[in-house]
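Chemist: Pasting a structure here, questions to come.
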Amino acid sequence: MSTTERFSNRVRDYVSGRPGYPDAVVSWLAETFGLEPGSTVAAVGAGTGISAALFLRHGYDVIAIEPNAPMREAAVAALGSDPRFCAVAAPAEATTLPPASVGLIVAAQAFHWFDRAAFRAECARILKPSGIVALLWNVRRVEGSPFAAAYEALLRTFGTDYLTVRHENVTESELAQFYDGPFERRVFDNVQLLDRDGLRARLLSSSYVPAAGQDQYEPMLVALEELFRAHQRGGVVPMEYELRAYAGRLPSPSDPARHPPSQRPTGSTPSNAS
């Protein structure tokens, strides 16, 4: 299955099971890079619109770039009534947006699926001078609680290509190569409180676990039910994350503003699965 089609049969679970992003991310981008309210944001690999919703809440115009039709349709269903939102059927590497048209490109839970060289070239094309590229990952904590450890063990038991496609396979050197200059890093706490249905949706939203009709699907759900019963308190379990955010300007020989000397590289690699 192509990377753009991996989630086509998981859209409903993705909408109800995936975490959002902390509002503090937007404040950080505004304070660190001077991102102004009303700027145009391209949410690339926008999926069902989770990151787009974050920036709409804070007064930005958002263009959701998403090649997967079912996911894009879910984003439009959720956000299409907002006049500041529009969706474009295009891949990350060829967004169809005009040159120098956006102030921020955000790839949330998506960069590891892209052709990075082609995506970088597209970012350089559509960014305004001094525009920013932000890469966001909700990184699920796999240690620190019995529930976290048990959920990780379940994924390792029933996952299909879990160890292959996890976004922590993006290395620090690849991030440094992408930005080709200074970039900033911040970590924010994030948590979901999931009831039984929410936990099931969170699991089934992952492209690396069996889908309905596949081998191990039913045994996996039995194991998930046992896990929920063992670890729920008051009918919920906490799924804890670190929201890891990376942001910087792409240097260009013709645009010195994209690599100001005041910025200092603080990049680090994502680690742990989502």
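The values are calculated or read from the model by the stated rules, or taken from the named source; none is laboratory data. Here the structure is a predicted model, which means the values were calculated and not measured. All Cβ positions, even for glycine, are placed from backbone atoms using ideal geometry, and neighbour counts span all protein chains on display. The area values use the complete protein model at the heavy-atom level, side chains included, leaving out ligands, DNA and RNA. Shrake-Rupley method; radii C 1.70, N 1.55, O 1.52, S 1.80 Å.
Chemist: Of the accessible area of the range 93-154, with the probe set at 1.4 angstrom, what percent is carbon plus sulfur?
Modeler: 63 percent
Chemist: Nearest 10 degrees is fine. How inclined is helix 69-79 to the longest principal axis of the chain, computing both from alpha carbons?
Modeler: Around 80 degrees separate the two axes.
Chemist: Subtract the Cα-Cα distance of ASP23 and LEU221 from 0.36 nm times their separation in residues, and report this length gain in nm to one decimal.
Modeler: Here the segment from ASP23 to LEU221 would lengthen by 68.0 nm.
Chemist: Now a separate question. Rolling a 1.4 Å sphere over the protein heavy atoms, what is the accessible area per residue of the chain, to the nearest Å²?
Modeler: 43 Å²
Chemist: Explain nothing, just the number: relative contact order of the range 83-160, from Cα pairs under 8 Å at least 6 residues apart, as a whole percent.
Modeler: Value for the range 83-160: 31 percent.
Chemist: Quick check: residue separation of SER101 and ARG156 times 0.36 nm, minus the Cα distance between them. What number comes out in nm?
Modeler: 15.5 nm
Chemist: Along Cα→Cβ, 7 Å out, is where each label goes; now give me the distance between the ones at ALA30 and LYS128 in nm to one decimal.
Modeler: Distance between the two pseudo-spin positions: 1.6 nm.
Chemist: Could you tell me the center-to-center distance, by alpha carbons, between the range 71-87 and the range 172-239 in angstrom?
Modeler: Cα centroid of the range 71-87 versus Cα centroid of the range 172-239: 24 Å apart.
Chemist: Among 155-161, 99-105, how do they line up from the highest to the lowest mean number of other beta-carbon atoms within 10 Å?
Modeler: Sorting 155-161, 99-105 by mean packing, highest first, produces 99-105, 155-161.
Chemist: 222 nm [θ] for the chain, helices only, -39500 (n - 2.57) per DSSP H run of 4+, per residue, to 500?
Modeler: Only helices count here, giving -10000 deg cm²/dmol.
Chemist: Something else: Mind giving me the FRET efficiency for THR171 and SER81? R0 is 45 Å, r the Cβ-Cβ distance, nearest 0.05 is fine.
Modeler: Efficiency, from the Cβ-Cβ distance: 0.65.
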